[in-house]
Amino acid sequence: MDWPLRCGIFMAPFHPVNQNVTLALERDLQLIEHLDRIGFHEAWIGEHHSGGFEIIASPEVFIAAAAERTRHIRLGTGVASLPYHHPFMTAQRIVQLDHMTRGRVMLGVGPGALPSDAFMLGINPVDQRRRMEEGLEAILELFRSEEPVSIETDWFTLREARLQIRPFTDPHPEVAVAAMISPSGPRAAGKYGCSLLSIGASQRSGIDLLGSHWTVMEERAEQFGQRAERRDWRLVTMMHIAETKEQAYKDVEFGLSDYATYFRDVAALPIFPDVPPSELADHLNHVGGAVIGTPDDAIALIKELIHESNGGFGTILLQAHEWANPEATRRSYELFAQYVLPAFDSRSLRPEESMNWVMENRTEQMGAAMNAIGAAMQEHAAEKSAAGQTPSEAG
């Protein structure tokens with residue numbers, strides 16, 4: 001790729017149900033603060049309403065709190081489930097956050113991930129993707145139009161609607177559409193000129209589809225007169241890294257089994273087979289498209305993702321999880337920032353190039369330096385001799 005890779009996290013979040021939820025939410029906020037300090041570029045916060053594991057119901061409320069604790073990191077909804085909300089209210093909340101964060105907010109959108117959420121709200125899952133696209137179109141009209149917006153559907157109405165304040169960001173905050181396995185995400189992103197957020201890259205089946213998803217994105221963008229920018233493409237993956245692979249495996253004994261149970265029995269996503277806990281880490285490494293290992297293993301996976309994407313992407317998002325305890329989790333992010341990210345940023349080569357240049361020319365440079373020292377000593381001695389002093393008396 002011809003651009004430096006950026007990094008962030010995708011925080012659902014995932015917390016085992018036997019934890020104190022108040023402390024879990026506080027720990028999530030503290031993690032965002034930590035990532036801001038070590039140079040992560042983005043954090044995307046999820047929206048879920050059932051299942052007990054993914055406990056943030058309002059990413060906008062969380063973002064408002066996180067923004068007050070951070071200085072640099074951009075904060076996005078990852079993602080706002082548009083079928084659950086009137087699009088006018090979603091647009092209003094994001095524009096307010098755009099001002100409150102001084103332009104650090106991003107709007108990630110999707111149809112809603114958990115069938116149980118839609119069930120409680122009386123929404124037919126068949127309607128979710130259609131409603132997501134209708135809601136997205138309305139939000140973008142409210143962001144972009146100078147004229148009042150009137151839209152009527154079977155689930156929301158806008159009558160001469162306009163936002164009472166314009167966005168802080170010109171022309172409006174970045175909008176990204178989530179994509180899993182189906183092409184509906186890249187189709188919508190391409191049609192409306194949005195960024196693509198590939199959540200499915202955390203699974204082997206999703207990694208295999210990356211190239212075709214971007215092809216759909218480009219074709220739809222061209223069809224509707226939009227631009228598709230690879231630098232705005234984000235891929236979500238799963239990692240836990242440590243100084244050694246053995247340490248990484250030991251770390252994830254803390255919580256990987258709970259995580260696997262949630263995805264098998266509650267979220268019902270085909271990420272984990274029914275295998276003993278001792279085999280989970282091997283499954284993720286060899287079959288699941290994730291990394292439990294070292295920074296070198298993380299670099300190898302990102303190189304694979306770049307290859308499978310057929311041209312690269314802009315940002316790698318690490319799925320936030322509690323496979324390891326908080327201390328080991330923070331250390332994993334530190335290792336990523338310190339050793340993995342520089343491998344995909346040509347600017348990081350300059351210190352090594354400078355060191356190599358000095359070593360290659362050390363003989364010539366040190367020789368010149370020693371000659372300069374000798375000349376200075378001779379000049380000093382000559383000056384004192386002319387004044388009638390011996391060098392020892394002058395010293």
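Summary of computed values
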item: Residue count, segment 65-112 (criterion: among the charged types (D, E, K, R), in contact (Cβ under 8 Å) with a residue 40 or more places away in the chain and out of contact with any Lys or Arg (no Cβ under 7 Å at 6 or more places or on another chain)); result: 3
item: Failed condition for K303, given (1) within 26 Å of D117 (Cβ to Cβ); (2) surrounded by fewer than 21 Cβ atoms within 10 Å (Cβ to Cβ); (3) without any contact (Cβ under 8 Å) to a residue 60 or more places away in the chain; result: (1)
item: Subset of segment 310-340 that is of a type in the set (D, E) and under 17 Å from the mean Cα position of the chain (by Cα) - its residue that is farthest from A298 (Cα to Cα); result: E322
item: Test: residue in segment 239-254 that is touching a residue at least 40 places away in the same chain (Cβ under 8 Å), closer than 22 Å to L317 by Cβ, among the acidic types (D, E) and surrounded by fewer than 20 Cβ atoms within 10 Å (Cβ to Cβ); result: no
item: Spans of strands (runs of 3 or more DSSP E) in segment 4-114 with at least 1 residues at pLDDT 95 or above and polar (S, T, N, Q); result: 74-81
item: Looking only at segment 300-321, and only at residues there that are among the hydrophobic types (A, V, I, L, M, F, W, C) and not in a helix (DSSP H, G or I), the one that is nearest to F14 (Cα to Cα); result: A320
item: Which listed residue, of V21, V17, V79, is among the aliphatic types (A, V, I, L, M), within 27 Å of L136 (Cβ to Cβ) and assigned by TED's automatic domain parsing to the domain that holds R330; result: V79
item: Answer residue from segment 238-272, given it is assigned to a helix (DSSP H, G or I) and of a type in the set (A, V, I, L, M, F, W, C) and is farthest from G52 (Cα to Cα) among those; result: A248
item: Any hit, segment 281-299, residues being assigned to a strand (DSSP E or B), in contact (Cβ under 8 Å) with a residue 24 or more places away in the chain and either over 27 Å from L114 (Cα atoms) or not assigned by TED's automatic domain parsing to the domain that holds R74 (or both); result: yes
item: Residue check, T329 polar (S, T, N, Q) and at pLDDT 85 or above; result: yes
item: Residues of segment 153-200 satisfying the condition of being on the phi > 0 side of the Ramachandran plot and among the basic types (K, R); result: none
item: Sole residue being on the phi < 0 side of the Ramachandran plot, in contact with a strand residue (DSSP E or B) (Cβ under 8 Å, 6 or more places away or on another chain) and not in a loop (DSSP other than H, G, I, E, B), chosen from A337, A376, A324; result: A337
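Residues checked against (1) polar (S, T, N, Q); (2) assigned by TED's automatic domain parsing to the domain that holds T90; (3) under 27 Å from the mean Cα position of the chain (by Cα); (4) farther than 27 Å from W233 by Cα:
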position: G112; (1), (2), (3), (4): no, yes, yes, no
position: A118; (1), (2), (3), (4): no, yes, yes, yes
position: L142; (1), (2), (3), (4): no, yes, yes, no
position: R162; (1), (2), (3), (4): no, yes, no, yes
position: P171; (1), (2), (3), (4): no, yes, yes, no
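The values are calculated or read from the model by the stated rules, or taken from the named source; none is laboratory data. It should be emphasised that the depicted structure is a prediction, and the values quoted were computed from it without experimental measurement. Note that we place each Cβ from the backbone using ideal geometry, even for glycine, and neighbour counts take in every protein chain shown.
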